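Taking it in order: structure first as structure tokens, then the write-up.
The values are calculated or read from the model by the stated rules, or taken from the named source; none is laboratory data. All values derive from a computational prediction rather than experimental measurement. All Cβ positions, even for glycine, are placed from backbone atoms using ideal geometry, and neighbour counts span all protein chains on display.
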Amino acid sequence: MRHKGMTFCKLLVLLVLALLLTGCAQQPQAPFDGVIATSDVVFNLDFTALNTTYTSTLIVPEGKEIMATIQCDGGRIDVTITPEEGEPIYTGKRLPTSSFSIVPKTPGKYTVTISGENASGYVYVYVEGAVHYDDEPAENK
């Protein structure tokens, strides 16, 4: 009888340990938790979790710049800007909080690709002069 009691205790301890270890397993990250705003001149991602890739196409008129503002609160943020025909005109990996602008050589369509890994923050990419996510209309300024 004593042998059965010991076996039961061992099984109970193993079951409890298995349950505890299961709770320690790394939980999968959400692909995206946030807000996306996109148009022909604006591509904005504001997120608490970014673990995927999004793309959008901006139409850039002659003489206009592509503007970008990045807030990296954690994780990894990558941005690539590529004209419809050709190689990327901008590639940024592991971007910190920053702002920049790019003067495209030609007007046209540009694909913006934003990727994140365990990232939180925001990325605003827009054509110069466009009202974007954190702007208010010019008549209100």
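Note on segment 95-140: among residues that are charged (D, E, K, R) and either modelled with pLDDT under 95 or not in a strand (DSSP E or B) (or both), the one that is surrounded by the most Cβ atoms within 10 Å (Cβ to Cβ) is Glu128. As a summary of the residue check, Glu62 satisfies the conditions (1) modelled with pLDDT of 95 or more; (2) touching an Asp or Glu at 6+ places or on another chain (Cβ under 8 Å); (3) outside any strand (DSSP E or B) except for the one numbered (2). Pairing residues of segment 61-80 that are within 10 Å of Ala119 (Cβ to Cβ) and buried (at least 18 other Cβ atoms within 10 Å of the Cβ) with residues that are charged (D, E, K, R) and at pLDDT 95 or above, at Cβ distances under 8 Å and at least 6 apart in sequence or on separate chains, gives Ile77/Arg94.
For segment 27-52, filtered to residues that are surrounded by fewer than 13 Cβ atoms within 10 Å (Cβ to Cβ) and at pLDDT 95 or above, the residue that is farthest from Glu85 (Cα to Cα) is Asp33.
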